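Taking it in order: structure first as structure tokens, then the write-up.
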Amino acid sequence: MAPKKGGLARSRQTQDVDPTLAKASVSIHFDQRLALFDVRGSQAHARMLGEVGLVSPEESQMMVEGLGLLSEKIDQGTFVWDPDLEDVHMNLEKALTDLIGPAGAKLHTARSRNDQVALDERLYLKSAVNQISWELWALKMALTQKALEVGDAPMPGYTHLQRAQPILVAHHLLAYYQALKRDSGRLYSLETRLNESPLGSGALAGTGLPIRADLVAKDLGFPELSANSLDAVASRDLLMEFLAFGAILMVNLSRLAEDLALWVTAEFGFADLPDSLTTSSSMMPQKKNPDGAELIRGKAGRAIGNLVTLLTVVKGLPMAYNRDLQEDKEPLFDTIDSLKLVLPLAKRLVESLTFNYDRLLELADDPYTGATDLADQLVRRGTPFREAHAQVGALVAELVKLKIPLRAVKPSLLARFCPAAEPDWPSKLTLAAQLAARDQTPGGTAPKTVAIQAQKAEAELLAEQKLRRF
Ligand code: ARG
């Protein structure tokens, strides 16, 4: 009998699959990325089948070795994927059967593509988590080293993109370290949940054949087995978690990218990037564009889209597996690809950044940002804060009108607006004094506290490196 068209899993059907359905079913052009993990999972499964006696030791060995040969072909890029065989699982099973004969037809014993794909995805994700956590570590280290390199250099700090109070450049850089540290934390926490092997769950209900799912799990480095076979094949929340992690990380990176893009403008003039990390315009020869930063910012949009795609695909699906779930892979791969692109790029941008310290100093030494310090002094001398705020606000309005910096205010004028102020105190309102004063908050911008933040960040990174063996 001629085999029916439409893959291996066409058994009850009496007709060939309709071409429109066949075309929509194909996933091999993207799920071939799971191939090496599919092989590893199948090898573990084949070894277990041999150990429990569901196949003979010889058959088990033939399957394991045959799969090994297939993985070499995949590695070398010589494996030919056949879209008629729909997906990575059926391509590999067919290739194995072609290679070793009837023993290959026993590989799928006590297994469904539903638990197989769930397994492949976990293996794939574990490996991606490992690589991405390393790339993320390297970026955090670059930020920390930059913070140590810039020392006590000041810069204007902003809220609402309006100059607010002077801060240290290192403080600004370390703010991103903190955000990325939380991103790493999310990734490591997800890693613990990836530790359950779904293999053995079958299509949905488990199997009655005498398998040992624990052996497969151990072989593949999973400490646990899935506790519920329906959940094991139906859930994709671990992928969602990864995509949420990716979207949040990309949003954090997009803010860093936006800061870099602003800093290198002529208008800000805070920093420069080397030519190698900028591009030129196809029309305007004078341009030096921060495309790297912009691409990072742009890719955040895709990462958010990928999370929303998967949430939407899974929302409202009845228990257990549904074919909709095949749509989980492209968003996953896309976010992984983006992260692998942008993390090393962000690291290069950060480590290559050079600051224009003169300009930063000039702008940080704003004539009026000492206003909060003056209000604080009034508070120390007994004026209620709200009153102090109003008094200093009125004084600043007057000084702006007269074009007099706060530091140069005459004692008589000061006394008129702020009766409790020490007469010569504004003259002591140097930039250094404003910065040093912010030492009562451990996370504040005083050089003393920022130095502690930077040292702590470096120590955390070294500990992480040791723990993760980066
Ligand atoms: N390619 C499929 C997917 O990614 C594999 C599982 C197919 N299962 C099924 N019952 N048709 O979801």
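Just so you know, all these numbers are worked out from the coordinates, no wet-lab data involved. The structure displayed is predicted, hence computed values, not measured ones. Positions of Cβ are generated from backbone atoms using ideal geometry, with glycine treated the same way; all protein chains shown enter the neighbour counts.
Once backbone amide H atoms are built at 1.01 Å from N, GLY157 has ALA164, GLN165, ILE167 as its partners under 5 Å, excluding neighbours fewer than 5 places away on the same chain. Its residue count N fixes a reference of 2.2 N^0.38 Å for the range 213-268, and the Cα radius of gyration divided by that reference is 2.04.
Which helices, counted as full DSSP H runs in the chain, have an axial Cα extent of no less than 30 Å and a Kyte-Doolittle average of 1.0 or above? Spell out each step's value before the answer.
Numbers: long enough: 113-150 (54 Å, -0.17); 169-193 (38 Å, -0.49); 237-263 (38 Å, 1.17); 291-314 (35 Å, 0.66); 329-352 (35 Å, 0.19); 447-468 (31 Å, -0.47).
Helix filter hits for the chain: 237-263.
With an 8 Å Cα cut-off and a minimum separation of 6 or more residues, compute the relative contact order for the range 412-467 in percent.
Values: 25 pairs, mean separation 8.4, N = 56.
Computed over the range 412-467, the figure is 15 percent.
Placing unit charges on each Cβ (+1 for Lys and Arg, -1 for Asp and Glu) gives the range 224-290 a dipole about its Cα centre, and among MET284, GLY269, LEU238 the Cα reaching farthest toward its positive end belongs to MET284.
With a Förster radius of 25 Å, plug the Cβ-Cβ distance of LEU230 and THR109 into 1/(1 + (r/R0)^6) and report the FRET value to the nearest 0.05. All intermediate terms of the calculation are to be shown ahead of the outcome.
Numbers: r = 21 Å, r/R0 = 0.84.
Rounded to the nearest 0.05, the efficiency is 0.75.
The length gained on full extension between VAL251 and ALA266, counted as 0.36 nm times the residue separation minus their Cα-Cα distance, comes to 2.9 nm. Dimensions of the range 131-227 based on its C-alpha atoms, expressed as ranges along the principal axes with the largest first, amount to 70, 28, 14 Å. Relative contact order for the chain: 15 percent, from Cα pairs under 8 Å spaced at least 6 residues apart, divided by residue count.
Computed FRET efficiency, Cβ-Cβ of TRP134 and GLU51, R0 35 Å: what is it to the nearest 0.05? According to the calculation, E is roughly 0.50.
According to the calculation over all Cα-Cα pairs in the chain, the P(r) per 20 Å bin from zero is 20, 39, 25, 13, 4, 0 %. Spacing of the modelled spin labels on ALA420 and ASP275, each 7 Å from Cα toward Cβ, amounts to 5.9 nm. For the range 277-412, the convex hull spanned by the alpha carbon atoms encloses 279 Å³ per residue.
Mind putting together the pair-distance distribution for the range 290-355? All Cα pairs, 10 Å bins, whole percent per bin, short to long. With a bin width of 10 Å, the distribution comes to 19, 38, 23, 14, 6, 1.
Taking θ as phi - 60° and the Karplus parameters 6.51, -1.76 and 1.60, the scalar couplings of the range 12-21 work out to 7, 5, 9, 10, 4, 5, 5, x, 5, 6 Hz in sequence order, x denoting glycine and proline.
Calculated translational diffusion coefficient of the range 1-152 (20 °C, 1.002 mPa s; Stokes-Einstein with Kirkwood radius over alpha-carbon pairs) equals 121 µm²/s. Using only side-chain charges placed at the Cβ, +1 for Lys and Arg and -1 for Asp and Glu, the dipole size of the chain relative to its Cα centre rounds to 1160 debye.
Could you tell me the calculated FRET efficiency between GLU258 and LEU317, based on Cβ-Cβ distance and R0 = 45 angstrom, to the nearest 0.05? Before the final figure, lay out the partial values.
On the way: r = 37 Å, r/R0 = 0.82.
Here the calculated transfer efficiency is 0.75.
If each residue of separation counts as 0.36 nm, what is the full-extension length gain between ILE452 and LEU361 once their alpha-carbon separation is subtracted? Using 0.36 nm per residue and subtracting the Cα-Cα distance, I get 30.5 nm.
Label sites at GLU191 and ARG468, each approximated as a point 7 angstrom past Cα along Cα to Cβ, lie 0.7 nm apart.
How big, on average over all directions, is the shadow cast by the Cα convex hull of the range 345-470, in nm²?
Numbers: hull surface 43.1 nm².
That works out to 10.8 nm², a quarter of the Cα hull's surface.
Over the C-alpha atoms of the range 220-328, the Rg to Rh ratio, Rh being the Kirkwood estimate, stands at 1.22.
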